[in-house]
Amino acid sequence: MLDFDLKIYEMKDVLTIDEYNELSELVTDFKIDLSKINSSLGFLQWSKKIQDAMKNKHPEEFEKMVTTNSLNYEDFKLLAKINDEVGLNVSDKNLFHTDYDYFNFLLTHRDDELMNSRIIKLYDKAFRFILTDLFKKEVIFKDVLFGHFNVYPKDSFIVNHTDGPTANDRYFTILFFLNKGRTYEDGSILKVYKENETIEFVPDFNKIILLDHMKYNYYHEVTKNNSDNVRYSLYTPFSIDDYNNRLQQE
């Protein structure tokens, strides 16, 4: 149905001028209180080496994390120190990414109040515009289309990986950034590895990235965040089920 490997929209082209300027101001002041985040532990996919180090150095925190299957920002900072102490295997080309010390080293967050805020309504409008543009169908889903926030404090990253074969029911993943003014040196760069080139994106709210999973399914990663400024994105896969249930069918 769709045939693109990597598609890029610009926010200024999918919102009105007034909406774009409003969003630019809202993004400037956007932040999530890290102390309120309670992230899924399973999202880390941490190795036994890291788990053993955490258990030995911080047994109470480790027990809490495992029991609740979650971690908070204080846990994240402890893990970041452990990462520096024990060293990480996250780039050995002889290993599959599931054998790395982490798959994702970041935090996830969903806040119903935030999901109903003005800034998310603008992002949601942009998402609906894109879906209509891609499929030429009306979006009938009434709720916010987004899944959750990916929150990247300093030292966070996602290893180089492909989303297949588990992504076989997805058309694509769409990525919205909630940052502006970041530089390449800040890190947290999205890198997409096409067959003959690497495309890099400094996270910026004006760029909207769609990654295909049905045909091309390129490897991609998020490099280490070198900055104290947190990098935010809205992470939303769009699946065959979403197509059938969120778009007007003839």
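Structure above, values below:
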item: Cβ crowding within 10 Å averaged over residues, with 231-237, 32-38 ranked highest first; result: 231-237, 32-38
item: In sequence order, calculated HN-Hα J values of the range 213-226 (Karplus, 6.51, -1.76, 1.60; Hz; x Gly/Pro); result: 10, 7, 10, 8, 6, 5, 5, 7, 8, 10, 6, 4, 7, 8
item: Which label in [x] 46, 24, 14; [y] 27, 24, 17; [z] 31, 21, 18 gives the computed semi-axes √(5λ) of the Cα gyration tensor in Å; result: [z]
item: Top positive-direction residue, dipole computed over the range 140-207 with Cβ charges, set Thr173, Ser156, Leu145; result: Leu145
item: Most to least packed among 140-151, 10-21 [average Cβ atoms within 10 Å]; result: 140-151, 10-21
item: 5 angstrom amide H check on Gly187, placed H, neighbours 5+ away; result: Asn226
item: Lys, Arg +1 and Asp, Glu -1 on Cβ, resulting dipole of the range 33-107 about Cα centre, debye, nearest 20; result: 80
item: For the range 50-89 and the range 202-250, distance of Cα centres in Å; result: 28
item: Cβ-derived FRET efficiency at R0 45 Å, Tyr184 paired with Lys36, nearest 0.05; result: 0.90
item: For the range 12-161, diffusion coefficient by Stokes-Einstein and Kirkwood Rh (Cα), 20 °C, 1.002 mPa s, µm²/s; result: 120
item: Neighbourhood net charge (9 Å Cβ-Cβ; Lys/Arg +1, Asp/Glu -1) for Leu145; result: -1
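Taken together, the values in this text are just the output of simple stated rules run on the coordinates, not laboratory data. Keep in mind that this is a model prediction, so the values were computed, not measured. Positions of Cβ are generated from backbone atoms using ideal geometry, with glycine treated the same way; all protein chains shown enter the neighbour counts.
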